[in-house]
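Quick notes on the structure that follows.
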Amino acid sequence: MAGPGSRGPGMTPAPVVQDFGDRSLLVEPAACAAGFPTGWVLAARDALVAAFPDCWVVPGLASVVLTAPDPAARPTAAAVRGVLQGLEHAASRAPGRIHEFAVRYDGPDLAHAARLAGLLPDELVRRHLAATWTVAAVGFSPGFGYLTSDDPVFGQVPRRADPRRRVPAGSVALAGGMCAVYPSATPGGWQLIGTSDVSLFDPDAVSPALLAAGDAVRFVMA
Amino acid sequence: MVGLEVLELLGSALYQDHGRGHVTSGVPVSGAFDRQAHVAALALVGGPVEGATLEVTGTLRMAVPVPLTCAVTGNAQVRVDGVEMPSWTVLGVRAGSQLTVRGAPRAYLAAPGGFPVAPVLGSRSTCLLGPVGPAPVRTGDTIRVAQPSWCPQRHGDLALPSGDAGPLRVVPGPHLGMAALTARVVDCSRIGVRLRVPRRRRVEVTASMASLGVVPGTIQALPAGDWVVLGPDAGTMGGYPVVGVVASADLDRVGQLQPGQAVRLAPIGADGVPGPRAARLLRLGALG
């Protein structure tokens, strides 16, 4: 059988599937190009949800975690590899919903983040507005979406060395090639570049998180 | 509806049930940290299985205005008007009494019908991250009780873990391996239990990782050298390397760890994970 990373003629290498405790499996693409494999992750998520409807399927930035209700119900690694066979590395899929968030670029780290990216603050804002952002994953706190984009300049903005104890709700932030809007006030280590009034999490709604993995986000000037 | 009046709370008292199913929205699963104790408390008072108990860490003292049937499980001490009463059985408390429940670290108080707080996203659990679900109990609150003096029927016996202090079984990986070791608990919450591991067992954490989905029981290696076992209120994604995940059958015991305690961890394979250890029987519905 083809091992991880091996590549037959015209074949997509099989994904790597590992034990993650006794109820979950960690599923990763065979090889990662630069940047986040968001397209592959979202396509793998869709395929696993369809194949294993009783499991939770949680996309990460470069992996998918599949969790069964109990250890006996966990699919085998071979079954998961079978479902994902032939999934293209740069798999493309239609985006989910498209959101537009109005932003005030008034964050305390805007100037610092721009310097890290080798840009003037106005240029960073322009690139942030121009990029199309994809919700790669949802987690960290309820409704928190990890957004990735195709503009490599954001990869030059790392996390803060000294995380804040409290990041206000609505903060628009950058770190490690990603962008996020904080749904609630939590501790956080990302660079704060602006503020948005969007409500990202409503526990009384049928669908409590506004963002779902696979959605697209565009930012506009408030 | 009648209720128990909270006279004093030192620590926390949180409504908990079986938890939530909204991890893809980033909502932690929550629910009782020690599920077995929670389920046993509900079973003792006749259910319902999907009902809420109160997870008590510290001391909760209540005025009981009407005759009350209840049960307290977990690592618990129970007093009625200052007199020590047994845990892990059904109690009849007279009207006008004071009921004190002490959890060290976690006790579960159940009353017939469960505590009728409003469910949020399909669960009556309080999640401290967010926050989501019912507000934590405070001094001066009234804890509403659905059927205070209902007399539970006998439903047979319930097998319980023996409380045997064998090692916590861990499925190693996926990012780093681990060998059997003894760690010391330095901090505990529903978010996670922080372990200090022997220096020679520490793993070097350098590069930051792409965040990935995590589950309760996941053991993350922090850059400073400590490990954290994630609890039911932990975020649904994490960015630290994972040394292993506690076997499902041993997760309840993580919820009963206390600061200062030594805990042994033993690596096992993911296949053929044994169930709970040797059990003792709990007589259901027997008034004690």
Most mobile of A:165, A:23, A:74 per a Gaussian network model of chain A (Cα springs, under 10 Å)?
A:165
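Using the Cα centre as the reference, give the magnitude of the dipole from point charges on the C-beta atoms of chain A (Lys, Arg: +1; Asp, Glu: -1; all else neutral), rounded to the nearest 20 debye.
Numbers: 17 positive and 19 negative charges, 71 e Å.
Here the size comes out at about 340 debye.
Give me the extension gain from residue B:104 to residue B:118: residue separation times 0.36 nm, minus the current Cα-Cα distance, reported in nm with one decimal. Mind showing how you got there, number by number?
Numbers: separation 14, 0.36 × 14 = 5.04 nm, distance 2.74 nm.
Roughly 2.3 nm would be gained on extension.
For segment B:1-117, what is the convex hull volume of the alpha-carbon atoms per residue, in Å³? Please list the in-between numbers first.
Details: hull volume 11.6 nm³, N = 117.
Convex hull volume per residue, Cα atoms: 99 Å³.
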Mean Cβ-within-10 Å packing, highest first, puts peptides A:154-164, B:33-43 in the order B:33-43, A:154-164
Any idea how far the Cα center of segment B:165-179 sits from the one of segment B:1-49, in Å?
28
Hey, with R₀ at 41 Å, roughly what FRET efficiency would residue B:77 and residue A:197 work out to, going by the Cβ-Cβ distance, to 0.05?
0.25
Using the C-alpha gyration tensor of chain B, what are the square roots of 5 times its eigenvalues, in whole angstrom, with the largest one first?
35, 20, 17
Pairs of alpha-carbon atoms within less than 8 angstrom and 6+ residues apart define the contacts here; what relative contact order does segment A:134-183 have, in percent?
38
For the charge dipole of the protein assembly as shown, defined by +1 on Lys and Arg C-beta atoms and -1 on Asp and Glu C-beta atoms about the Cα centroid, which residue among A:219, B:112, B:230 has the Cα displaced farthest towards the positive pole?
B:230
Chain B: angle of helix B:35-44 to the longest principal axis, Cα-based, in degrees nearest 10:
20
Under a plain spin-label model, where a point goes 7 Å from the Cα along Cα-to-Cβ, how far apart in nm are residue B:49 and residue A:97?
3.5
Site residue B:146, offset 7 angstrom along Cα→Cβ, radius 17 Å on amide nitrogen, limited to segment B:90-133, gives B:109-126
For a quick size check, give me the Cα extents of the protein assembly as shown along its three principal axes, largest first, whole Å.
71, 55, 44
Under the Karplus relation with 6.51, -1.76 and 1.60 and θ = phi - 60°, whole-Hz ³J(HN,Hα) for segment A:38-45, x at Gly and Pro, equal 4, x, 5, 4, 5, 5, 5, 4
Could you give each residue of segment A:210-217 its phi-based ³J(HN,Hα) in whole Hz, using Karplus coefficients 6.51, -1.76, 1.60 with θ = phi - 60°, and x for Gly or Pro?
5, 8, 10, 4, x, 5, 10, 10
Under the definition of partner shielding as Cβ atoms of other protein chains within 10 Å of a residue Cβ, what is the mean value for peptide A:52-58?
3
Residue separation times 0.36 nm, minus the C-alpha to C-alpha distance between residue B:187 and residue B:264: what's the value?
26.1 nm
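Based on the Kirkwood radius over alpha-carbon pairs, what value in µm²/s does the Stokes-Einstein equation return for the translational diffusion coefficient of segment B:188-263 at 10 °C and 1.306 mPa s? Each step should come with its number before you reach the end.
On the way: Rh = 12.7 Å.
Approximately 125 µm²/s, per Stokes-Einstein.
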Tell me, what ³J(HN,Hα) does each residue in segment A:182-189 have, in order and in whole Hz, if you take phi through Karplus 6.51 cos²θ - 1.76 cosθ + 1.60 with θ = phi - 60° and put x for Gly and Pro?
5, x, 9, 6, 9, x, x, x
Can you give the helix-only mean residue ellipticity at 222 nm for chain B, where every DSSP H stretch with n ≥ 4 adds -39500 (n - 2.57) and the sum goes over all residues, rounded to the nearest 500 deg cm²/dmol?
-1000 deg cm²/dmol
In the Gaussian network model of chain B, springs joining C-alpha atoms below 10 Å, which of B:198, B:65, B:267 carries the largest mean-square fluctuation?
B:198
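Seen from all sides and averaged, what is the projected area of the convex hull of the Cα atoms in chain A, in nm²? Please list the in-between numbers first.
Numbers: hull surface 54.1 nm².
Projected over every direction and averaged, the Cα hull of chain A covers 13.5 nm².
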Chain A: relative contact order in percent, alpha carbon pairs under 8 Å with at least 6 residues between:
20
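Show me the ranking of peptides B:251-261, B:236-246 by mean Cβ neighbours inside 10 Å, starting with the highest. Let's see the in-between values first.
Values: B:251-261: 18.6, B:236-246: 24.1.
Descending packing order for the listed peptides: B:236-246, B:251-261.
Would you mind calculating the gained length between residue B:201 and residue B:135 on full extension (0.36 nm times residue separation, minus the Cα-Cα distance), in nm to one decimal?
Working: separation 66, 0.36 × 66 = 23.76 nm, distance 4.03 nm.
Length difference between fully extended and current span is 19.7 nm.
Rule-based calculations on the coordinates, nothing more; no lab input. Just so you know, these numbers come straight off a predicted model, no measurement behind them. Note: ideal-geometry Cβ built from the backbone for every residue, glycine included; neighbour counts use all protein chains shown.
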